[in-house]
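The values are calculated or read from the model by the stated rules, or taken from the named source; none is laboratory data. Quick caveat: nothing in here was measured; it's all calculated off a predicted structure. Reconstructed Cβ throughout: ideal geometry from the backbone, glycine too, with neighbour counts over all protein chains shown. Each accessible area value is taken on the protein alone, full model and side chains, heavy atoms only, with ligands, DNA and RNA left out. Shrake-Rupley method; radii C 1.70, N 1.55, O 1.52, S 1.80 Å.
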Amino acid sequence: MERRNTSRRGTKAVPAFNAQPFLESAEIAKSTAEYGRGETIFTQGDACEDVLYIQTGGVKLSVLSQSGREAVVAMLGPGDFFGEGCLAGQPVRMGTATAITPSVIFVVGKKKMVRLLHQQHAMSDRFISHMLSRNVRIEEDLIDQLFNSSEKRLARTLLLLARYGQQDKPARVVPKISQETLAEMAGTTRSRVKFFLNKFNRLGFIEFDGEIPLKINNSLLSVVLRD
C-alpha cells in the first residue's frame, strides 16, 4: 500500500521571531555583511566560528556529497538564524550557505553569542523555541521528499518561499530564484518544475508569466492537502 503524508503542518511558517532588538541592545561585538543574489556566505568545510542572523533577504542551505551531488536542505528568511552548529561544538560547516536574494546578515562570534544567551533569558527561550520549530520544518521537508509526488513537493516549496518578508503575514510572493534551485528543493528536474508552474498558472493557483518572482494564490494549498 502506498504511504502518503497527509500532515497539514508542513505549510505553516516558523513562528515569528525578531532577535534584532536583542542583538542591537546587547553590548557584544558583531558585524553586518551584505550579500548579492547568488553570493556565497560560507562554504561546506569552512571553520565554524560564528552564528549568523538574517536581517533582510533569504538564504539557501545546501550540502554537497562526495560524488558532487548537491541537495538543498533549507531555505531561510528574515528572522532566521543559521550556522548555529558552532554552539554545539561543530568544528566546520556541514553545508554551504548562499544568498538567494540581496541579503543583510548579522554575524556574531560563538563566544559572544553564548554569553548573550546566558545573560538574556528571554532571548535564550525564544532562540531555543525558534530553532526547534525550524528543525521540525526541516524534518517535515524530509518526509515530504520521501513520500510525496514532485507536484505536491513543488507546491509546498512555493508556499514556504512565499512567506519571506513578513513572517506573521504571508507575502504571497516567491522571491527571485532560479528554476534549477526550485528543482533542487522539490527533488525533481527543471523541466518538471516548468511543467508544473505552467499547470498551476493555468489552474489559477499562481500568477506566472514565465519568470520568477511569481505570486501565489490560496488555492495552491489544495495541491498540498489533496490525497
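From the list Gly204, Gly165, exactly one residue is modelled with pLDDT of 80 or more, farther than 18 Å from Arg69 by Cβ, open to solvent by 30 Å² or more (accessible area, probe 1.4 Å) and outside any helix (DSSP H, G or I). Which is it? Outline the logic, then answer.
Details: Gly165 fails: modelled with pLDDT of 80 or more.
Step by step, each of Gly204, Gly165 is checked, and only Gly204 is modelled with pLDDT of 80 or more, farther than 18 Å from Arg69 by Cβ, open to solvent by 30 Å² or more (accessible area, probe 1.4 Å) and outside any helix (DSSP H, G or I).
Can you tell me which residue in the stretch 139-162 is modelled with the highest pLDDT, limited to those that are open to solvent by less than 60 Å² (accessible area, probe 1.4 Å) and assigned to a loop (DSSP other than H, G, I, E, B)?
To start, the set of residues in the stretch 139-162 that are open to solvent by less than 60 Å² (accessible area, probe 1.4 Å) comprises 140-141, 144, 148, 150-162.
Restricting the remaining residues to those that are assigned to a loop (DSSP other than H, G, I, E, B) gives 148, 162.
Numbers: Asn148: 75, Ala162: 80.
Among those residues, the one meeting the criterion is Ala162.
Can you pull out the residues in the stretch 121-158 that are of a type in the set (Gly, Ala, Ser) and touching a Ser or Thr at 6+ places or on another chain (Cβ under 8 Å)? Talk me through it step by step, then tell me what you get.
Within the stretch 121-158, the subset of a type in the set (Gly, Ala, Ser) is 122, 124, 129, 133, 149-150, 155.
Of everything in the stretch 121-158, just one residue is of a type in the set (Gly, Ala, Ser) and touching a Ser or Thr at 6+ places or on another chain (Cβ under 8 Å), namely Ser150.
Every residue, every condition in (1) open to solvent by 10 Å² or more (accessible area, probe 1.4 Å); (2) over 15 Å from Glu39 (Cβ atoms); (3) touching a residue at least 60 places away in the same chain (Cβ under 8 Å), yes or no:
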residue	(1), (2), (3)
Gln55	yes, yes, no
Gly58	no, no, yes
Glu70	yes, yes, yes
Pro78	yes, yes, yes
Leu87	yes, yes, no
Met113	no, yes, yes
Ser124	yes, yes, no
Ile128	yes, yes, no
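Criterion first (over 28 Å from Ala183 (Cβ atoms), aliphatic (A, V, I, L, M) and either open to solvent by 70 Å² or more (accessible area, probe 1.4 Å) or assigned to a strand (DSSP E or B) (or both)) does Val51 satisfy it?
Numbers: over 28 Å from Ala183 (Cβ atoms): yes; aliphatic (A, V, I, L, M): yes; either open to solvent by 70 Å² or more (accessible area, probe 1.4 Å) or assigned to a strand (DSSP E or B) (or both): yes.
Taking the combined requirement at face value, the residue satisfies it.
Can you tell me which residues in the stretch 42-67 are in contact with a Phe, Trp or Tyr (Cβ under 7 Å, 6 or more places away or on another chain) and over 14 Å from Cys86 (Cβ atoms)?
Taking the stretch 42-67 first, the residues in contact with a Phe, Trp or Tyr (Cβ under 7 Å, 6 or more places away or on another chain) are 51-53, 55, 58-59, 61.
Gln55, Gly58, Val59, Leu61 - these are the residues of the stretch 42-67 that are in contact with a Phe, Trp or Tyr (Cβ under 7 Å, 6 or more places away or on another chain) and over 14 Å from Cys86 (Cβ atoms).
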